[in-house]
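Read-outs: derived from the displayed coordinates by stated rules, not from any lab. No experiment lies behind these values; they were computed from the predicted model shown. Glycine also receives a Cβ, built like all others from the backbone with ideal geometry; neighbour counts cover every protein chain displayed.
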Amino acid sequence: MLAGIFACSQETRKPEKVVAVINGCEVTHDEVLRQLKAEVDTTDDYKLTRQSKDNFLDYLIQKQVLIQEAKRLKLDTKEKFISAMERYWESVLIRDLMEIKGNEILSKAIVSEEEIETRYRSILASGRKLPSLKDSRPLITSEIREERKTRLLKEWVDDLTKRADVKINRELLHED
């Protein structure tokens, strides 16, 4: 189940450069670089040096040893683990769906000049100080687009829910 976290396959593929072998599990150069890139991309202050690469490889080796031990103890078959993976899988799946639908909505979201001017006047009327309309236009446009995206995403989810075949037994829910 965790094969994607740290690929350790024994499949026959095109020959790859192997950086390390841990209990028969090959760690390829490409795998290390892919994971190192992810680390560099998510950690602002990560300094890529020869030493940091060595340390990262040591970390990956230690991680693989721990995964192998957990699998040896069959922890990957325990209900607690499976439930956690299902919850994670579901949340990632929903996040990706919402991102795709949100991007689809944003790609069609056109904000009119009238909407921008109306919003600008409304903000000024509320007493907030703003730069000129020309300077405020990008921020106002972005705000209106995000609000529209949020509203349309909610409407889309509500519509999906309304069209779904849902049967509820609330009495059972509240039984003690």
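Below are the figures for this structure:
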{"read-out": "Cα-based helix-to-principal-axis angle, 133-163 vs the chain, degrees rounded to 10", "value": "70 degrees"}
{"read-out": "Spin-label proximity, Met98 to the range 127-151 - amide N less than 17 Å from point 7 Å beyond Cα toward beta carbon", "value": "146-151"}
{"read-out": "Binned Cα-Cα distance frequencies in the range 18-75 - 10 Å width, integer %", "value": "21, 49, 25, 5"}
{"read-out": "MRE, 222 nm, helices only [DSSP H, n ≥ 4, -39500 (n - 2.57), over the chain, to nearest 500]", "value": "-22500 deg cm²/dmol"}
{"read-out": "Relative contact order of the range 42-176, pairs being alpha-carbon contacts under 8 Å that are 6 or more residues apart, as %", "value": "22 percent"}
{"read-out": "Angle in degrees between helix 29-42 and the longest Cα principal axis of the chain, rounded to the nearest 10", "value": "40 degrees"}
{"read-out": "In the range 79-173, lysine pairs with alpha-carbon atoms under 21 angstrom apart (chain gap of 8 or more, or interchain)", "value": "7"}
{"read-out": "Residue-span extension gain [Glu90 to Glu39] - 0.36 nm each, minus C-alpha spacing", "value": "16.0 nm"}
{"read-out": "Net dipole in debye of the range 79-173 [+1 Lys, Arg Cβ; -1 Asp, Glu Cβ; about Cα centre; nearest 20]", "value": "300 debye"}
{"read-out": "For Leu172, Leu152, Leu60, order by how many other beta-carbon atoms lie within 10 Å, fewest first", "value": "Leu172, Leu152, Leu60"}
{"read-out": "DSSP-loop trypsin sites (Lys or Arg not before Pro) across the range 90-176, with at most 13 other Cβ within 10 angstrom", "value": "Arg128, Lys129, Lys167"}
{"read-out": "Acute angle (nearest 10 degrees) that the helix 113-125 long axis makes with the longest principal axis of the chain, alpha-carbon atoms", "value": "80 degrees"}
{"read-out": "Length released on extending from Ala20 to Ser132, taking residue separation times 0.36 nm less the Cα-Cα span", "value": "34.4 nm"}
{"read-out": "Over 28 Å [Cα-Cα, the chain], rounded percent", "value": "58 percent"}
